[in-house]
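Handing you this structure, nothing more for now.
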Amino acid sequence: MSRNFIFTVLLALWTANLSAQGNRDDYARSAALREKFSGKVYKETIRPHWSEDGASLRYANKLPGGKTEVVLVDLATGERRILDDKTEFSGGILKPNFHVRKTSHTGERMELAFENTLSKPVELFWLDFTGQEKNYGKIEPGETRNMETFEGHVWAVRDSERKLYGVYEGRFDTDRAVIAERDEKAVDREKKAEKKGRYDNESPNGLYSVSVRDDNLLLHWNGGELDLTRDGGAEDRYEGPVLWSPDGKFVIARKTRPAEKRKVFYVESSPEDQLQPKLHDYEYLKPGDRVAVSRPVLFRVKITEDGTPNVTNIPIDDGLFENPWSVSSFSWAADGSRFFFLYNRRGHQVVRYLSVQAESGKVRIVAEETSETFVSYTDKIFTHRLDESDELVWMSQRDGWNHLYLIDTKTGETKNRITAGSWVVRSVEKIDAEKRIIWFYAGGVHADQDPYHLHYCRVDFDGTNFCALTQGDGTHRIQHSPDRKYFIDTFSRVDMQPRHELRCTESGRLICELENADHSELIRAGWKPPERFTAKGRDGATEIYGIIVRPTNFDSEKRYPVIEQIYAGPHGSFVPKDFQVHRRMNDLAELGFILVQIDGMGTNHRSKVFHDVCWKNLGDSGFSDRIAWLQAAAMREPAIDLDRVGIYGGSAGGQSSTRALLAHGDFYKVAVSDCGCHDNRMDKIWWNEQWMGWPVGPHYEEQSNVTQAHRLTGKLLLTVGEADRNVDPASTMQLVNALIEAGKDFELLIMTGQGHGSGEHPYADRRRKDFFVRHLLGVEPRWEPESPAKD
């Protein structure tokens, strides 16, 4: 008797007592959930107005019944007073700038509403960690697009002619980005500011400038020009902008061998402006492809008696920066005696901060990070050079935890550790070179709290006077006063509404409690918080953290299928930590499921050992930890039915959710996978080589969903946007081909005209809900409105 037959019989028996799940009422309740709970939390956010004299703070609280109160706070004493003045306060709107830049860090998950007030459609682009623009589709005139994103992620808005209408970086105290006509004066200011940056083609003394012509460099001065180079060509070209030494005696440029030209193609089947389909292509490097290789070139420029320059090329030995993935962050010492740059070797196992003597071209290691697995260069590289003291603040995992060190830039010796302990530095917020203090965010500094909670800390350069400036059991966000003497600390958990405190920046001293958000109306409306749950992972020792989401009509006497939302990308951790009234998980749970989200080993923000599980091992996806966590949850909660387990995710989560049925089909029974990078050889180079390594080895093939397609069990729905420019849509189609060749049953939904993340489109989202209802609840979905009765 087959396992599938037994499962079908048991499913029929279970559904006899589950008639209230997956029916029309459940769909209606799910659809109304966001609106039902909206606007029922008060004092949730503080948007401060600091007085110009630095003595006080004002903010407005929204109260029940549409009322507002304005609070005045004396910063020195913490005295709070309600004002009679009901002045309107603006805030929460993310203002655009026009500085196009890459995403440099990933904070907490957040929602950002893009409101298009223009009379024409615009396109929304995410700028990834390399600065590449990833298309997330059109926003029509008058439309508001709600995007799930992360703090620190950078978004650009352009029209059909690529005209830029703004660059937005997610911030926790904002929730809306208004797309309006460009402020041309602001655009001009941005351009002028960029032109005045460190890289300039004109020398500091104004005597010379450098240009690029026919892949070579030319030096210009009053009355003449000189070929700096003549050996440049299309396959090994000189590039600007250049970087002059402060005294104008030396100049650095780059010589670059370009990357190979790989193009990805897709067909837009149903364009809006014509009947016939369109073929699109874009450049997209994949693992193993030849990357651009840049090397610094150095010139000495002297003035002769007749005023013409005498130029000498100073050779630089590249032995310490061979085979680069990147060379970046060039800067000169103030005295012009040497310059510095950051080198990341391809394969991401060696990162070095190097110095080059200007007179000799001699290269020396200032600081180095090496690993037998990987150096997490997208979020664990931090350098801050202190010119006056010849020191470098350097981030390293050399002891197995992410910490800061103080390096002597002349000798390369470590002067001292700045931070230490079984916790991690998450990001550096500010460095005060004069006072020799660093302010930073950390995870795990309070041993009795969730290690993913962000806390704000300070420490002196020599490692003394460390202080966690925030204390409350939750994840924290900071808003500083303009003079940085004070900060508002807002902290929350998934199961605790936000609290706001006023604290002293120097010591973290609590000045006063500002507000405790009022969510009593939300509770009365039937809202239930997610449950935080921890259990031991695969090793029986490491704590694994996750949340459990139940439907609002949860009945502990019933048995519920469980569905895991998975994203196991090693670049972050993904279980929500802060308070939110509504998440999309709630909509799915409301149909009669228990939803969970878990951070297994191989994800970020814990120890190096925890993170290293992903190395050449993305197929692992932390499943051993996830299954152990679910089993522990089910032992404690009888309502969790582990005979009916589903899973879904998009992008890397699409890869993992399919992998669940291929590698753990005895546990997971149903999967919905959107835009999955099902074969890491098919996906973007910067992400996959970081975790799967270089050169491309047999492990890439072994862990491909495509090569493992014959192992499929259970029910699988694949969705993909035909216009996906983030993950090559052919990755999904090659999996489809392998499943067909293996004779496996599955379902496929192609979202025409849609880009990456099309699984969150309302239609695809509804199909996902239907798939789980049909195959985990064993009933036909009843989401459509009833037909009117006939006489």
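State whether one or more residues within region 454-462 are more than 17 Å from G508 (Cα to Cα) and either open to solvent by 40 Å² or more (accessible area, probe 1.4 Å) or in contact (Cβ under 8 Å) with a residue 40 or more places away in the chain (or both).
Scanning region 454-462 turns up at least one residue that is more than 17 Å from G508 (Cα to Cα) and either open to solvent by 40 Å² or more (accessible area, probe 1.4 Å) or in contact (Cβ under 8 Å) with a residue 40 or more places away in the chain (or both).
Quick check on this structure: which one of F610, F623, F593 is modelled with pLDDT of 95 or more and within 15 Å of A652 (Cα to Cα)?
Answer to the selection: F623.
What strands (runs of 3 or more DSSP E) completely inside region 98-188 contain at least 2 residues that are among the aliphatic types (A, V, I, L, M) and open to solvent by 10 Å² or more (accessible area, probe 1.4 Å)?
109-116
Test each condition in (1) out of contact with any helix residue (DSSP H, G or I) (no Cβ under 9 Å at 6 or more places or on another chain); (2) open to solvent by 10 Å² or more (accessible area, probe 1.4 Å) for V424 and report the one that comes out false.
Evaluating V424 over (1) out of contact with any helix residue (DSSP H, G or I) (no Cβ under 9 Å at 6 or more places or on another chain); (2) open to solvent by 10 Å² or more (accessible area, probe 1.4 Å) leaves (2) as the failure.
Of the conditions (1) outside any helix (DSSP H, G or I); (2) open to solvent by 30 Å² or more (accessible area, probe 1.4 Å); (3) over 25 Å from D770 (Cβ atoms), C614 satisfies every one except a single condition; which number is it?
(2)
Residues G137, G152: which one is among the small types (G, A, S) and either closer than 30 Å to S328 by Cα or under 16 Å from the mean Cα position of the chain (by Cα) (or both)?
Of the residues listed, the single one that is among the small types (G, A, S) and either closer than 30 Å to S328 by Cα or under 16 Å from the mean Cα position of the chain (by Cα) (or both) is G152.
Is it fair to say L285 is buried (at least 20 other Cβ atoms within 10 Å of the Cβ), assigned to a loop (DSSP other than H, G, I, E, B) and either of a type in the set (A, V, I, L, M) or in contact with a Ser or Thr (Cβ under 8 Å, 6 or more places away or on another chain) (or both)?
When the stated conditions are applied, L285 passes them.
Please go through region 622-654 and give me each residue that is open to solvent by 10 Å² or more (accessible area, probe 1.4 Å) and either of a type in the set (S, T, N, Q) or farther than 24 Å from L717 by Cα (or both), ordered by number.
S624, A628, Q631, A632, A634, M635, R636, E637, P638, S651
Follow-up question, since we're still on this one. May I ask you to list the residues in region 210-251 that are β-branched (V, I, T), assigned to a strand (DSSP E or B) and more than 13 Å from V301 (Cα to Cα)?
V212, V242
To continue, here is another question. Give region 38-50 a look and list any residue that's part of a loop (DSSP other than H, G, I, E, B), at pLDDT below 95 and either more than 30 Å from D587 (Cβ to Cβ) or open to solvent by less than 50 Å² (accessible area, probe 1.4 Å) (or both), or say none.
Scanning region 38-50 gives I46, P48.
Name the residue, out of L510, L595, L502, that is open to solvent by less than 10 Å² (accessible area, probe 1.4 Å) and over 25 Å from the mean Cα position of the chain (by Cα).
L502
Of everything in region 550-603, what is hydroxyl-bearing (S, T, Y) and outside any loop (DSSP other than H, G, I, E, B)? Give them in sequence order.
Passing the criteria: Y560, T603.
Could you go through region 325-348 and let me know if any residue there is polar (S, T, N, Q), outside any strand (DSSP E or B), farther than 30 Å from P204 by Cα and open to solvent by 20 Å² or more (accessible area, probe 1.4 Å).
There is no residue in region 325-348 that is polar (S, T, N, Q), outside any strand (DSSP E or B), farther than 30 Å from P204 by Cα and open to solvent by 20 Å² or more (accessible area, probe 1.4 Å).
Follow-up question, since we're still on this one. In region 732-754, is there at least one residue being open to solvent by less than 10 Å² (accessible area, probe 1.4 Å), in a loop (DSSP other than H, G, I, E, B) and touching a Gly at 6+ places or on another chain (Cβ under 6 Å)?
Among the residues of region 732-754, not one is open to solvent by less than 10 Å² (accessible area, probe 1.4 Å), in a loop (DSSP other than H, G, I, E, B) and touching a Gly at 6+ places or on another chain (Cβ under 6 Å), which makes the answer no.
Just to check your reading of the model, which residue among D399, D473 is more than 30 Å from K616 (Cα to Cα) and either surrounded by fewer than 19 Cβ atoms within 10 Å (Cβ to Cβ) or out of contact with any strand residue (DSSP E or B) (no Cβ under 7 Å at 6 or more places or on another chain) (or both)?
On inspection, the qualifying residue turns out to be D473.
Hey, among T149, T106, T130, which residue is under 26 Å from G569 (Cα atoms), in contact with a helix residue (DSSP H, G or I) (Cβ under 9 Å, 6 or more places away or on another chain) and not aliphatic (A, V, I, L, M)?
Just one listed residue meets the conditions, T130.
Given the criteria surrounded by fewer than 18 Cβ atoms within 10 Å (Cβ to Cβ) and closer than 30 Å to W527 by Cβ, does D483 qualify?
no
Another one. Restricting to region 349-367, name every residue that is open to solvent by less than 50 Å² (accessible area, probe 1.4 Å), in contact (Cβ under 8 Å) with a residue 40 or more places away in the chain and out of contact with any Ser or Thr (no Cβ under 7 Å at 6 or more places or on another chain).
Of everything in region 349-367, those that are open to solvent by less than 50 Å² (accessible area, probe 1.4 Å), in contact (Cβ under 8 Å) with a residue 40 or more places away in the chain and out of contact with any Ser or Thr (no Cβ under 7 Å at 6 or more places or on another chain) turn out to be V356, G361, V363, A367.
Tell me, please, whether a residue that is in a strand (DSSP E or B), of a type in the set (S, T, N, Q), open to solvent by less than 40 Å² (accessible area, probe 1.4 Å) and out of contact with any helix residue (DSSP H, G or I) (no Cβ under 7 Å at 6 or more places or on another chain) can be found in region 51-62.
Yes, the conditions are met somewhere in region 51-62.
Taking R767 as the residue in question, decide whether it is more than 26 Å from the chain's Cα centre (by Cα) and closer than 18 Å to G653 by Cα.
Criteria met by R767.
S119 fails exactly one of the following numbered conditions: (1) at pLDDT 90 or above; (2) in contact with a strand residue (DSSP E or B) (Cβ under 9 Å, 6 or more places away or on another chain). What is the number of that condition?
With respect to (1) at pLDDT 90 or above; (2) in contact with a strand residue (DSSP E or B) (Cβ under 9 Å, 6 or more places away or on another chain), S119 is out only on (2).
Checking G649 against (1) over 15 Å from G569 (Cα atoms); (2) touching a Phe, Trp or Tyr at 6+ places or on another chain (Cβ under 9 Å), only one condition comes out false. Which one?
The one condition G649 does not meet is (1).
Hey, among V773, V706, which residue is at pLDDT 95 or above and open to solvent by less than 10 Å² (accessible area, probe 1.4 Å)?
V773
The values are calculated or read from the model by the stated rules, or taken from the named source; none is laboratory data. Computed from a predicted structure; not experimentally measured. Reconstructed Cβ throughout: ideal geometry from the backbone, glycine too, with neighbour counts over all protein chains shown. All accessible areas refer to the heavy atoms of the entire protein, side chains included, with ligands and DNA or RNA removed. Shrake-Rupley method; radii C 1.70, N 1.55, O 1.52, S 1.80 Å.
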